[in-house]
Amino acid sequence: MSIKKKIKKHMQSSASGQLLFFYIRILREKLCMLTPDKEFLEKRYKQKHGKEMDLFNPKNYSEVCSWLKLFYRDERMVRCADKYGIRDYLAELGYDNLCNEVIGVYDDARKIDFDSLPDKFVAKATHGSSWNLVCTDKNKLDWKTEVKKMNMWLKLDLTAFGREWNYKDIKPQIVIEKFLDHQPLNDYKFMCFNGEPMFMQVNHDEDGVHYLDYYKLDGWEKLPVYLKGYNNYDGVLPLPDNYERMFEIAKDLSKPFPFARIDFYSFDDTMILGEITFFTGGGLTPFISKEGNYDELFGSLIKLPEPNHNLELYNKLYNKN
């Protein structure tokens, strides 16, 4: 573990350390946003991949994602990334039954009536990733600290460290949802390329360890690839409950986009949409292959759309008049 990660882990081991971590992050975000997008993405790519990024002829997944971040916009991506606003989008398409039950939505965590909350619940920020509070017993919470943390979330900007522009215009809110009380609660993430679900990322916990694995949907074959920084599971998980229905919904929801990952929780007769994201690993984290080159395979499957943003830079890059 790097010194940076050790310091981060130590800071997050206490309530005061977590708050300090968020204060530092807010400052870093502001400084980070002073760097232009192209320069930032090129620098981060080299840090993560150990080589220069090729935007002129993007091949691997991170290069293609960087191209999309710089030169493509679809405002539906903002609505889909919004952890609360996505409900209206799903309702328009007839999928409001996929939404988890909402307990409350707040623009200030101090407005939450703690006494009225159930013993188990989940709180999350609408405009970010991994800013979650999973509560299995509210009597064990240091609520004052949690309120401070949630209000810190509202000041964070996920755009800063990955330039995922679609998070920028989401209204920062705290949404509290029903706790899905089922074990195991696996997270099934359909990787869809130009509207076609082709692979699945499966996140699951077992014996206190969090695993992340990839499967080819055609034949349910486990792939020799992993996302850097995560554990691989030795075995092969079975097809999830409601697989065929999830497949069809993922295909429908991803249809407008060059790439979309459609995430579900599925158990018994229940299907809940977790989120829709457009840049796995922030679009910068390498896929590590034990054999073959899945980073380039995933990149090659994304058909680049016509550029509709940052056209001056695009024309300069491609020497267009």
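Any read-out appearing in this document is the output of simple, stated calculations on the displayed coordinates, not a laboratory observation. All figures in this text were calculated on a predicted structure; none of them were measured in a lab. A quick note on method: Cβ atoms are made from the backbone with ideal geometry, for glycine too, and the neighbour counts reach across all protein chains shown.
The table below gives the values:
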| quantity | calculated |
| --- | --- |
| Selected from 108, 82, 213 as most flexible by GNM, with the chain as the system and alpha-carbon contacts under 10 Å | 108 |
| Selected from 31, 217, 154 as most flexible by GNM, with the chain as the system and alpha-carbon contacts under 10 Å | 31 |
| Sparsely packed trypsin sites (Lys or Arg not before Pro) within segment 90-132, loop by DSSP, other Cβ within 10 Å at most 11 | none |
| In segment 54-127, lysine pairs closer than 28 Å at Cα, eight or more apart or cross-chain | 8 |
| Exposure proxy ranking, count of Cβ atoms within 10 Å, fewest first, for 226, 265 | 265, 226 |
| Segment 34-117: GluC sites (Glu not before Pro) in DSSP coil with no more than 11 other Cβ atoms inside 10 Å | 52, 75, 101 |
| Order of 249, 272 under a 10 Å beta carbon neighbour criterion, fewest first | 272, 249 |
| Exposure proxy order (Cβ contacts within 10 Å, fewest to most) of 134, 64 | 134, 64 |
| Theoretical FRET efficiency, 1/(1+(r/R0)^6), r = Cβ-Cβ of residue 27 and residue 108, R0 25 Å, to 0.05 | 0.70 |
| For segment 133-178: lysine pairs under 27 Å (alpha-carbon distance), excluding those fewer than 8 apart on one chain | 22 |
| Percent RCO, i.e. relative contact order, over the chain, from Cα pairs under 8 Å lying at least 6 residues apart | 21 |
| Charge dipole magnitude, Cβ of K and R +1, D and E -1 - the chain, Cα centre, debye nearest 20 | 1780 |
| Gap separating the Cα centres of segment 251-321 and segment 82-110, nearest whole Å | 23 |
| Charge-dipole axis of segment 97-230 as Lys and Arg at +1 and Asp and Glu at -1 on Cβ define it, positive-most pick from 130, 147, 184 | 147 |
| Kirkwood Rh, Cα atoms: Rg over Rh of the chain | 0.95 |
